[in-house]
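Some notes on the structure that comes next.
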Amino acid sequence: MRTYSKYIPLFATGLVLLSLYLVGCISFKGFGSLRAFVDLFGDNSFLGIAAVGATFVILSGGIDLSVGSVVAFTSILIASLVGHGFSPLTAIGIALLAGTVFGTFMGFLISVFEMPPFLVTLAGMFLARGLGFMVNPQSLAITHPFFLERVANGLSIPLNDRISIPFTATCYVVTFIIALIVAHYTRFGRTIYAVGGDEHSAALMGLPVGRTKILIYTLSGFCSALAGVVFTFYTQSGDPAVCVGLELQAIAAVVIGGTLLSGGVGFMAGTAMGVLILGLIQNILNFKGNVSSWWTPIIVGFLILVFILLQNAVVLVSKRFGGKLGAAG
Amino acid sequence: MSTAATTTPAPSGRFQKREIRWWSSLLWPVAGLALLLIFNAFFTPNFFHLEVRDGRLYGVLVDILNHGSKVMLLALGMALVIATAGVDLSVGAVMAIAGAVAAQLINKAGVPFPVVIGATLGVAVLAGCWNGLLVGLFKVQPIVATLILMVAGRGVAQLITDGQIITFDDARLTYIGNGSFVGLPFPVWLSMGMLAVTVVLTRKTAVGLFIESVGDNQTASTYSGIRAGQVKFLVYAFSGLCAGLAGLVAASNIKCADSNHAGLFLELDAILAVVIGGTSLTGGRFFLVGSIVGALFIQTLTTTMYMRNVSADVAPVPKALAILIVCVLQSPTARKKMTGFFRRRNAS
């Protein structure tokens, strides 16, 4: 009980994912097709990458509300730079650097001035959104052949003569695997868990809490920027007004994936399943066709509620049996 | 800041102590607001111009009060929630729900006006109770608990309006957002009235003390006989009521219920107003007048930028920078450095 109770939310998430997929396959023709499966990853790739960053932040007991704005800022920055004659790779490099520096800046404020992450990233959200509009007030289409041909066709991996894995999906899967290794098999990853579990005792153990915190928000800024790059690949345009509320979707995916928002407990794999669950819900509603769009937020809200209550129940039960879920991480 | 709350042992000195805290906390937000106003006095023409037309006051300052009233209302509820070490992210969505309920009911023939208002506020309080139930009874972290309604609330509002933007033309309902009373717009009176009611309820009874003690140390207050869960429940219900009032004003302002945009991101403005007003997000104390000043600060900043032809899209940049500066100044590290600086000067 004690060792396995921390996996219960993860199992529950897997169960929901599987049953949603089965329900979709049984109800709709073409839902279980290879194309729909591949598109599930391609369409949710930027959300998935953003959720990877959000998982690190939430594992450390913090929160990052700037995700959606940074994605929008990155996309318009790339589009604008390419429009001004920069080579696409340089533009992407600059955008990734900008997002990363932005994250470092927020981490610095959080760590050095002991300001609540909630507040700093909230200001960061306003800041990045406004900066995006300063770069270019309207959406910009990208006509550079790198985006139109290389990324859209050249870099996708063909599975058979009709279906190929889009480059965006590849980006997501690679990011996810790297994140999985970083979170669970590196010193940095274990420090994140320790800081999230109890910041004070982590400091007493001699762990570099301040440095880790700055690094976490740097990483989150990088992930948001990467999500912005992938978003630019996906839409082949830049728009300062997009992805409003993406951070909430990312947080929802993390919570549905079984990660405690109080920090210290959770799994990278759970977040990936959470992202796929959100994608499947959207797919099912799309396939059904006649369902009003407002059911999506209601269903997502309901799912968050169910998982929160489940987590609370698990924590209560394991406490009653003497195990310490929170400390076991 | 927690030391200020814990080093008040002598009951006789407590009121005096609170008096000092109350004024000193107001210093920063008022200074910020004054700075903004002085800037406008010199650089923005017609900023302080006021005139009376048809027995009603017109001018930029009145506009600031009028447009700021929604955030002021929200900030009152938010201040109490934050004092219990919580946060209410759902107020924007609750505003949308309130607007939707009001618009649907007013368009139904034969529903008396008081019933419309009562039902609207009732639904808003119910939404607040839902948050309070999750936080107070089920012990869900406030960010998550209110996130649920924040995500789902707009869906519920659209469910009520069937995805449409519902317009209305009822003179009584539009009065709430557009009417004027003794020269000033009605929303200003509404928010001032709510401020007075909240101050009396919290500072002239023990409720304020209960709220602060739950936020400062929940275990200790439980042991001293305060029902922490109940206090939290009431605080979230009150925040729901404030959001309902703000939702009424917002819908009435534009004479329609727009579920997608009503109150969008106002929860963030409300939180910022409370924080600028000197209330710490870690809970344990709250400043209602400070929160109102914070709301006015945000609205003045927004209006200033509009008057200086900064586009609405870029406006968040200076806003975010101003907020960061205020928060850095209020942070424990910066305060320690500053008090150290002043102490050294006094000693020398």
Please report, in debye to the nearest 20, how large the charge dipole of the protein assembly as shown is about its Cα centre when each Lys and Arg carries +1 at its beta carbon and each Asp and Glu carries -1 there.
1880 debye
Per Stokes-Einstein, at 10 °C and 1.306 mPa s, what whole-number D in µm² s⁻¹ belongs to the stretch A:253-293, with the Kirkwood radius over Cα pairs as the hydrodynamic radius?
143 µm²/s
Note down the magnitude of the dipole of chain A about its Cα centre, charges +1 on Lys and Arg C-beta and -1 on Asp and Glu C-beta and zero elsewhere, to the nearest 20 debye.
760 debye
For a quick check: sort A:Ile92, A:Ile181, B:Ile166 by the number of other beta carbons within 10 angstrom, fewest at the front.
A:Ile181, B:Ile166, A:Ile92
Once B:Ser224 and B:Asn260 are pulled to full extension, the length gained, defined as 0.36 nm per residue separation minus their Cα-Cα distance, is 8.5 nm
About the Cα centre of chain B, how large is the charge dipole given +1 on each Lys and Arg Cβ and -1 on each Asp and Glu Cβ? Please answer in debye to the nearest 20.
1400 debye
With each pseudo-label sitting 7 Å past Cα toward Cβ, what's the B:Ala31-A:Leu97 distance in nm, one decimal?
3.8 nm
Given 0.36 nm per residue, what is the gain on full extension from A:Leu309 to A:Leu18 after removing their alpha carbon distance, in nm?
102.7 nm
Could you work out Rg/(2.2 N^0.38 Å) for the stretch B:209-330, with Rg from alpha carbons only?
1.27
For the stretch A:68-114, what is one quarter of the convex hull surface built on the Cα atoms, given in nm²?
3.4 nm²
Zero-based 20 Å bins, Cα pair distances in chain A, whole percents:
31, 58, 11, 0
Using a Förster distance of 60 Å, the FRET efficiency for B:Arg203-A:Ser87 (Cβ separation, nearest 0.05):
0.40
Among B:Ala96, A:His184, A:Leu155, which residue has its Cα furthest toward the positive end of the charge dipole of the protein assembly as shown, with +1 on Lys/Arg Cβ and -1 on Asp/Glu Cβ?
A:His184
What is the average number of partner chain Cβ atoms found within 10 Å of a Cβ in B:138-149?
5
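Please compute the alpha carbon radius of gyration of the protein assembly as shown, then divide it by the globular-protein estimate 2.2 N^0.38 Å. Two decimals is fine.
0.97
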Work out the FRET efficiency for B:Arg53 and A:Ser139 from their Cβ-Cβ distance, taking R0 = 45 Å, and round it to the nearest 0.05.
0.60
Amide H of A:Ile165 versus every other amide H placed in the peptide plane: which residues, excluding those fewer than 5 positions away on the same chain, fall under 5 Å?
A:Ile157, A:Leu159
Spin-label model distance (nm) - A:Leu155 vs B:Cys129, 7 Å beyond Cα toward Cβ
5.4 nm
May I ask for the longest run of chain A untouched by trypsin sites (Lys or Arg not before Pro) that are loop-located per DSSP and have at most 16 neighbouring C-beta atoms (other than their own) within 10 Å?
A:163-323
In nanometres, what is the gap between the two model label sites at A:Val174 and B:Met192, each 7 Å from Cα along Cα-to-Cβ?
6.3 nm
Return the ratio Rg/(2.2 N^0.38 Å) for the stretch A:162-300, where Rg is computed over Cα atoms only.
1.22
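Computed from the coordinates by the stated procedures, all read-outs in this text should not be read as laboratory data. The model shown is predicted, which means the values in this text are computed figures rather than measured ones. Reconstructed Cβ throughout: ideal geometry from the backbone, glycine too, with neighbour counts over all protein chains shown.
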